[in-house]
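> This is the structure I have questions about; it appears just below.
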Amino acid sequence: MVLEDEVYSALAEHLEHMPVGFPPSHEFLEILRLLFKPEEARLAARLLCKETPIPEMAAELGMPEKELQGLLDAMSSRGLVYKEMRDGVARYCLPSGPTGLRDAPFWTGRDAEAARRLADLWRRYFYAAWGKEIADRELPLMRVVPMEEDIDETAEILPFETAKELLERSTFRAVVPCACRTAAAYAGGGCEHERENCFRLGSLGRSLVEQGIGREISLEEAVRKLEEAHEAGLVFLTENHQGEVSTLCCCCSCCCVYLRGRLELKFDSAVSTSSYLARVDRESCVGCGECEERCPVGAAGLDEHELARVERRLCLGCGVCVPNCTGGAIALRRRDETTLVPTWEEFLDAMHRK
């Protein structure tokens with residue numbers, strides 16, 4: 001038992017020092033015990049987030065290639081390690097995203113009893129330490145992207161700024177259950193929003209499908225799911241950098257760890273707003289209150305004249321308030337100070353600075 005404690009403590013220390021780390025806590029050690037067998041934890045403590053071919057990894061770790069690949073394949077089948085086949089050679093790495101280890105058990109839907117235990121541990125860990133790690137950042141890890149249809153037709157739309165464009169640009173599309181809503185449900189909370197609308201794109205999406213975790217999805221079905229999520233009032237979040245992204249989430253303020261980081265933990269840097277702001281045409285407003293009902297962060301509401309108003313400081317620029325506006329009085333217009341999307345290099349640099 002003492003030896004096992006040392007194995008999991010070593011893995012916890014290794015993960016603590018990742019660019020987006022996992023601060024030490026009793027909850028996190030218990031999470032690792034549920035996720036990894038001792039021999040897997042011992043190996044994971046030596047892995048990096050950089051994809052490495054199996055022959056090179058075996059030489060670096062001093063392990064027989066067949067034994068190493070067996071352990072890695074077992075972990076990758078559960079989403080704990082990412083595997084990519086390139087030129088006939090398997091490459092492996094630890095999940096590089098901040099929620100990779102958290103998401104994996106809830107993507108697969110396997111072993112519900114263990115998943116429920118994990119859900120409660122992650123909930124407690126979020127408030128104890130992990131929420132601050134992912135939400136209190138110099139540069140937010142995630143950013144809001146609106147639907148192009150909600151943007152005022154006179155506004156300039158730059159690349160990487162809208163949700164459909166991210167799907168269209170992607171080389172591969174997969175869909176998995178929303179880990180945030182699934183975990184919240186297992187922990188005894190959550191909401192009734194659709195769960196199968198968490199998109200994993202590019203090489204990550206392909207890897208999940210190959211492991212039987214995700215489902216490949218056509219562009220047409222992905223866009224349809226996106227439109228349904230928008231109509232339901234969900235907010236679209238993606239990684240906060242230019243270029244092809246690996247994640248496009250349909251988020252709700254009651255379950256999403258990033259939106260909860262902003263609303264519950266009060267970290268304004270939990271998510272980066274879009275480059276747009278909801279603006280009200282007061283002459284068209286009929287005072288229906290739909291914007292107040294739908295706004296996920298309490299930025300929209302009715303003033304003393306029973307007309308819609310938007311608090312700019314709070315507005316995410318998500319466009320959730322636009323489609324159900326009875327008078328068609330709300331549209332997204334470009335902010336006075338544009339929220340520039342960082343380059344991949346800027347994003348990586350900020351991740352290492354925290």
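> For helix 112-125, what angle does its Cα long axis make with the longest principal axis of the chain, in degrees from 0 to 90 and rounded to 10?
On a 0 to 90 degree scale, this one is about 70.
> Find the accessible area per residue for the chain; the probe is 1.4 Å, ligands and nucleic acids are left out, and the unit is Å².
45 Å²
> Percent of Cα-Cα pairs more than 20 Å apart in the stretch 73-130, please.
Result: 35 percent of Cα pairs exceed 20 Å.
> Which of the listed residues, G79, C254, L35, is farthest toward the dipole's positive end in the chain, when Lys, Arg count +1 and Asp, Glu count -1 at the beta-carbon?
Of the options given, the answer is L35.
> May I pose another question? What's the long-distance tail for the stretch 1-64, i.e. % of Cα pairs beyond 16 Å?
48 percent
> Moving on to the next point. Rounded to a whole number, what % of the accessible area of the chain do carbon and sulfur atoms account for, probe 1.4 Å?
Its accessible area is 48 percent carbon and sulfur atoms.
> Loop-only GluC sites (Glu not before Pro) in the stretch 109-181, please: DSSP not H, G, I, E or B, and at most 15 other Cβ atoms within 10 Å.
Filter output for the stretch 109-181: E138, E153, E156.
> Hey, another quick one. Any lysines with Cα under 21 Å of the K225 Cα? List them, leaving off those in the same chain fewer than 8 positions away.
Cα-Cα hits under 21 Å: K164.
> Can you give the three extents of the C-alpha atoms in the stretch 147-260 along their principal axes, from longest to shortest, in whole Å?
Here the spans come out as 45, 31, 24 Å, largest first.
> Taking the Cβ of R143 as the centre, find all other residues whose Cβ is under 11 Å away and add up their charges (Lys, Arg: +1; Asp, Glu: -1).
Once all neighbours under 11 Å are counted, the net charge is -2.
> If you don't mind, another one. Just give me a number: lysine pairs in the stretch 1-151, eight or more positions apart or cross-chain, with C-alpha atoms less than 19 Å apart.
Summing the qualifying lysine pairs gives 4.
> Plugging the Kirkwood radius over Cα pairs into Stokes-Einstein for the stretch 10-147, at a temperature of 4 °C and a viscosity of 1.567 mPa s, what D comes out in µm²/s?
The estimated diffusion coefficient comes to 81 µm²/s.
> What does the charge dipole of the chain about its Cα centre add up to, to the nearest 20 debye, if the Cβ of each Lys and Arg holds +1 and the Cβ of each Asp and Glu holds -1?
That gives the chain a dipole magnitude of about 680 debye.
> Based on C-alpha coordinates, I'd like the Rg and Dmax of the chain, in Å.
When restricted to the Cα atoms of the chain, Rg and Dmax are 21.1, 74 Å.
> Taking the Cα centre of the stretch 215-354 as origin and charging only Cβ (+1 Lys, Arg; -1 Asp, Glu), how large is the dipole, in debye to the nearest 20?
Its charge dipole is roughly 360 debye.
The values are calculated or read from the model by the stated rules, or taken from the named source; none is laboratory data. Please read these numbers as outputs of a predicted model, since none were measured by experiment. Cβ sites come from the backbone with ideal geometry, for glycine too, and all protein chains shown count toward neighbours. Remember, those area values only see protein heavy atoms, side chains included, never the ligands or the DNA or RNA. Shrake-Rupley method; radii C 1.70, N 1.55, O 1.52, S 1.80 Å.
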